[in-house]
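Peer 1: Following this message is one structure expressed as structure tokens.
The values are calculated or read from the model by the stated rules, or taken from the named source; none is laboratory data. Since the structure is predicted, the reported quantities are computational estimates derived from the model, not experimental observations. Positions of Cβ are generated from backbone atoms using ideal geometry, with glycine treated the same way; all protein chains shown enter the neighbour counts. Areas reflect the complete protein model, heavy atoms only, side chains present, ligands, DNA and RNA absent. Shrake-Rupley method; radii C 1.70, N 1.55, O 1.52, S 1.80 Å.
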Amino acid sequence: MHETIDLISHAALRELRAFTSRTRQPTHLELMDVEPIRSVANIEITEEHITLTYNQKTTHRYNANEVTQKEWSYKYNDDPEFVRAIGAVIDLARKHVRDMPDNVACPPGCAECCSGYEPFVNREDVQRIAAHLGISYEDALRSYVVQRESADGYAIGYLKKVTDDIASRCVFLKGATSGRHYCGIYEARPHDCAAFTPIGCEDVDRSLRHDRSFVPGLPFRPRHPEQPRGKRRR
Ligand code: SF4
Ligand code: SF4
């Protein structure tokens with residue numbers, strides 16, 4: 001490896017001397033980074049420049065990590081060889097532009113995302129769920145939300161799971177098994193759930209067919225519906 005670096009250093013020195021003799025500008029070998037590009041962490045291409053970040057190194061310490069990397073930037077748009085190479089990348093993109101993701105729709109009865117994630121809820125979500133279930137905001141919050149306000153105060157928590165295990169199913173998920181699952185509060189589900197897209201979804205239950213029909217069962221009902229005031233049982 002040292003030999004390789006030495007050879008590179010000699011080549012770099014020759015190039016610097018040639019540059020100096022051509023341009024009359026002083027150059028110094030210690031200002032030339034001679035480390036080869038070993039691993040590329042990021043490539044950014046604009047209309048004029050290509051920038052590589054490479055040879056990233058992370059040193060882990062107890063309280064902070066030290067991340068170092070090299071960055072090489074090149075104005076390629078007046079270099080015909082580079083323009084051709086990047087043109088070839090663009091042609092490949094054109095070839096693949098209509099490639100489809102494996103999954104674009106939810107197979108009926110799939111609800112993998114109703115277990116793997118904790119849908120955040122805001123005050124509007126809780127209000128909508130409360131109205132849908134015919135219970136008070138406070139009851140909905142207490143019964144169905146793990147309260148944990150976000151830093152901006154927008155989310156007030158996330159929907160409870162049926163057990164303390166965060167990976168267990170959402171408290172509103174109905175249906176006994178995958179393929180028979182459905183959301184028990186579909187019309188009132190949190191914005192987080194409504195915004196979740198099946199396009200490119202990697203959580204999909206791949207054992208389920210997309211072309212089978214499935215009729216959801218009864219909606220979710222609270223176990224102890226709130227009694228109207230003055231009619232509570234003693
Ligand atoms: S396909 Fe993805 S988004 Fe659709 S129900 Fe299954 S896990 Fe959720
Ligand atoms: S509210 Fe409905 S859609 Fe959202 S996680 Fe629960 S069961 Fe799934």
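Peer 1: Just to be sure before I move on: is Ile156 in the same structural domain as Ser115 (by TED's automatic domain parsing), within 24 Å of Asn122 (Cβ to Cβ) and open to solvent by less than 60 Å² (accessible area, probe 1.4 Å) in the structure I sent? Break it down into steps so the answer makes sense when it comes.
Peer 2: Numbers: in the same structural domain as Ser115 (by TED's automatic domain parsing): yes; within 24 Å of Asn122 (Cβ to Cβ): yes; open to solvent by less than 60 Å² (accessible area, probe 1.4 Å): yes.
Judged against the criteria, Ile156 is a match.
Peer 1: Can you name every residue in the range 162-218 that is small (Gly, Ala, Ser), under 21 Å from Pro101 (Cβ atoms) and away from ligand 2 (no atom under 12 Å from the Cβ)?
Peer 2: Step one: filter the range 162-218 for residues small (Gly, Ala, Ser), giving 167-168, 175-176, 178-179, 184, 188, 194-195, 200, 207, 213, 217.
From the residues that got through so far, the ones that are under 21 Å from Pro101 (Cβ atoms) too are 178, 194-195, 200, 207.
Within the range 162-218, Ser178, Gly200, Ser207 qualify.
Peer 1: Go through the range 146-168 and report how many residues are under 11 Å from Glu118 (Cα atoms), of a type in the set (A, V, I, L, M) and touching a helix residue (DSSP H, G or I) at 6+ places or on another chain (Cβ under 8 Å).
Peer 2: 2
Peer 1: Something else about it: Go through the residues of the range 93-101 one by one and say whether even a single one is within 16 Å of ligand 1 (Cβ to nearest atom) and of a type outside the set (Lys, Arg).
Peer 2: Residues of the range 93-101 that are within 16 Å of ligand 1 (Cβ to nearest atom), as a first pass: 100-101.
This time we only want the ones that are of a type outside the set (Lys, Arg), so: 100-101.
Scanning the range 93-101 turns up at least one residue that is within 16 Å of ligand 1 (Cβ to nearest atom) and of a type outside the set (Lys, Arg).
Peer 1: Turning to a different aspect of this structure: Within the set of pairs 6+ apart or on separate chains, which have a first residue in the range 96-116 that is within 21 Å of Pro190 (Cα to Cα), a second that is more than 16 Å from ligand 2 (Cβ to nearest atom) and open to solvent by 90 Å² or more (accessible area, probe 1.4 Å), and C-beta atoms under 8 Å apart?
Peer 2: If the second residue must be more than 16 Å from ligand 2 (Cβ to nearest atom) and open to solvent by 90 Å² or more (accessible area, probe 1.4 Å), the pairs left are Ala105/His210; Pro107/Arg209; Pro107/His210; Pro108/His210; Pro108/Ser213.
Peer 1: Still on this model: Given the range 93-144, what helices (runs of 4 or more DSSP H) lie entirely inside it while holding 3 or more residues that are modelled with pLDDT of 95 or more, within 14 Å of ligand 2 (Cβ to nearest atom) and more than 24 Å from Pro198 (Cα to Cα)? Explain how you work it out, then say what you get.
Peer 2: Values: elements: 113-116, 123-133, 137-144.
Per the criteria, 123-133, 137-144.
Peer 1: Scan the range 169-188 residue by residue and report those that are open to solvent by 40 Å² or more (accessible area, probe 1.4 Å), part of a loop (DSSP other than H, G, I, E, B) and in contact with a helix residue (DSSP H, G or I) (Cβ under 7 Å, 6 or more places away or on another chain).
Peer 2: We begin by selecting, within the range 169-188, every residue open to solvent by 40 Å² or more (accessible area, probe 1.4 Å); these are 169, 174, 176-178, 180, 183, 186-187.
From what is left, the residues that are part of a loop (DSSP other than H, G, I, E, B) are 169, 176-178, 180.
Result: Arg169, single match.
Peer 1: Which residue pairs have Cβ atoms under 6 Å apart, sit 6 or more places apart or on different chains, and have a first residue in the range 192-204 that is on the phi > 0 side of the Ramachandran plot and modelled with pLDDT of 95 or more and a second that is near ligand 1 (Cβ under 6 Å from one of its atoms) and open to solvent by 50 Å² or more (accessible area, probe 1.4 Å)?
Peer 2: Listed pairs, sorted by first residue: none to list.
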